[in-house]
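K.L.:
The structure under discussion is supplied below as structure tokens; questions concerning it will follow.
Taken together, the values in this text are just the output of simple stated rules run on the coordinates, not laboratory data. All of these numbers come straight from a predicted model, not from anything done at the bench. Cβ atoms come from the backbone with ideal geometry, glycine included; neighbour counts cover every protein chain shown.
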Amino acid sequence: MYENNEDSLEEFEKLFKEIPRFDSYAYHRSLAIIKFLKGDVEGAKNLINQLERELGHTDGQGMYHTEKEILQKLRGKMLI
């Protein structure tokens, strides 16, 4: 992800196929990364914003607190 090249995208897409859709946060976070690697910064930003809104209802409980931290770090890496 840091190099933003075709090898990173291909590898990430291969790994993405293994993420189950029922893990909504991991699935959509991964989809945001793929969009970012493909140059769709706005699409990635929209997915991150959507996840942050969903997590806003969790009041920082347990794993949701960790998910919020992951999204903040991801947003920082993407500079969005």
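K.L.:
Contact order normalised by length for the chain, with contacts defined as Cα pairs under 8 Å and 6 or more residues apart; what percent is it?
P.N.:
With pairs under 8 Å counted, the relative contact order is 24 percent.
K.L.:
Please give, to one decimal in nm, the separation of the simple spin-label points placed at GLN50 and PHE16, each 7 Å out from Cα toward the Cβ.
P.N.:
Distance between label points: 1.3 nm.
K.L.:
Right, here's the next one. For the range 47-57, in order, what is each residue's ³J(HN,Hα) by Karplus, 6.51 cos²θ - 1.76 cosθ + 1.60 with θ = phi - 60°, in whole Hz (x at glycine and Pro)?
P.N.:
Going residue by residue, I get 5, 4, 4, 4, 5, 5, 5, 4, 6, x, 8 Hz, with x marking Gly and Pro.
K.L.:
Right, next: For the chain, give the magnitude of the charge dipole about the Cα centre (Cβ charges: +1 Lys/Arg, -1 Asp/Glu; no others), in debye to the nearest 20.
P.N.:
220
K.L.:
Follow-up question, since we're still on this one. Kindly rank 29-40, 67-78 from highest to lowest mean number of other beta carbons found within 10 Å of each residue.
P.N.:
Values: 29-40: 18.6, 67-78: 14.8.
Going from most to least packed, we get 29-40, 67-78.
K.L.:
Right, something else. State the Kirkwood hydrodynamic radius of the chain in Å, one decimal place, computed from all pairs of distinct Cα atoms.
P.N.:
The Cα-based Kirkwood calculation yields 12.9 Å.
K.L.:
Given the Cα-Cα distance of LYS73 and GLU6 and 0.36 nm per residue of separation, how much length would full extension add, in nm?
P.N.:
21.9 nm
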